[in-house]
Amino acid sequence: MASRRQPLWIAASWLVHAYTASGLVLAFLTVIAVMEGDTIRGLWLFLAAMVVDGTDGMLARWVQVKRHVPWFDGALLDNIVDYITYAFMPMVLLWSAGFLGEGVSATVLAVIPLLASGYQFCRVDAKTDDHLFLGFPSYWNIAAFYVVVLDLRPATVAVVLLVCAVLVFVPIGYVYPSRTATLQTPTLVLTTLWLASYAVLLTQVPDPGVVWLTISIAYVVYYVVLSLYLTARRGRTAAATG
């Protein structure tokens, strides 16, 4: 019976990998949106990419893709897709829409997060054993979302991007919503609510509603506070066992 089911599990594994790879299609569609000057459409595509990224790992673990297709590195594919959709395309979008200013300074400002993320993606300890991201997890697509929704000025955007770039190198553990065990259920519920607020706020640009904006920012505060708490707890545990 198991041998009969094996082809089905292999097929399911490839479907999961194809689902992950769909992020590349979304990235290409984002390029088209940026070239056509449609920033909002680009942000919608960022949302779709986040949904794919937030669910493909759970599907991969459920199907056990490593067991059924051991010769294909789904984690590497996921990192390639994530770098393009979470780091590269957000900088292209912000640069093309003029949120980074003009001239050489805008180009340099776009490149700094790309280099910082290149380092972060190549760290072997980028994801800790207790399922946290070590250092700012290159959520440049989320930063781009708030820049556009809040219509931030280039000087403010520069501060935000530079601070986040520095945080890539600071050993703070950030919540991995689909895997961090502490408060996982409320975190997943609140993450889903945040995704809903993302969609609603996009429909309200250029005049975002106070209620949904408050919900959106409250989730960011929750995420940061929980991340700092877990980082402090890891420090205490390491000190106690050291």
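The values are calculated or read from the model by the stated rules, or taken from the named source; none is laboratory data. All figures in this text were calculated on a predicted structure; none of them were measured in a lab. Positions of Cβ are backbone-derived with ideal geometry, glycine not excepted, and every protein chain shown enters the neighbour counts. These area figures cover heavy atoms from the full protein model, side chains too; ligands, DNA and RNA do not enter into them. Shrake-Rupley method; radii C 1.70, N 1.55, O 1.52, S 1.80 Å.
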More than 17 Å apart: what percent of Cα pairs in segment 1-74 qualify?
-> 51
Phi to ³J(HN,Hα) by Karplus 6.51 cos²θ - 1.76 cosθ + 1.60 over segment 227-236, Hz, x for Gly, Pro | 4, 5, 4, 5, 5, 5, 5, 5, x, 5
Cβ crowding within 10 Å averaged over residues, with 136-142, 70-76, 80-86 ranked highest first | 136-142, 80-86, 70-76
R123, R153, ranked by accessible area, largest first (probe 1.4 Å) = R153, R123
Would you mind working out the accessible area per residue for the chain, using a 1.4 Å probe, and quoting it in Å²?
-> 52
Residue-wise HN-Hα coupling along segment 182-195, computed from phi with Karplus coefficients 6.51, -1.76, 1.60 (Hz; x: Gly, Pro) = 4, 6, 4, 4, x, 5, 5, 5, 5, 5, 4, 5, 5, 4
With θ set to phi - 60° and the Karplus curve 6.51 cos²θ - 1.76 cosθ + 1.60, what are the ³J(HN,Hα) couplings of segment 138-144 in order, to the nearest whole Hz, using x for Gly and Pro?
-> 6, 7, 5, 5, 6, 4, 4
In whole angstrom, the spacing between the Cα centers of segment 56-122 and segment 173-242 equals 20
Please name which of A155, P137, M91 has its Cα lying farthest along the dipole of segment 75-175 towards the positive end, using unit charges on Cβ (Lys, Arg +1; Asp, Glu -1) and the Cα centre as origin.
-> A155
So who's got an amide H within less than 5 Å of the one on Y176, skipping anything under 5 residues away but keeping other chains? H placed 1.01 Å off N, in plane.
-> F133
Accessible surface of the chain, 1.4 Å probe, proportion on carbon and sulfur as whole % | 71
Anisotropy class of segment 78-222 from Cα gyration tensor, a/c 1.5 cut | oblate
Counting only protein heavy atoms and leaving out ligands, DNA and RNA, the solvent-accessible surface of I32 at a 1.4 Å probe, in Å² to the nearest 10, equals 50
Using helices alone, what [θ] at 222 nm do you get for the chain, with -39,500 (n - 2.57) per DSSP H run of 4 or more residues, divided over all residues and rounded to the nearest 500?
-> -24500 deg cm²/dmol
Return P(r) of segment 1-160 (all Cα-Cα pairs; 5 Å bins starting at 0; whole %; ordered from short to long distances).
-> 2, 9, 16, 18, 18, 14, 9, 6, 4, 2, 1, 1, 0
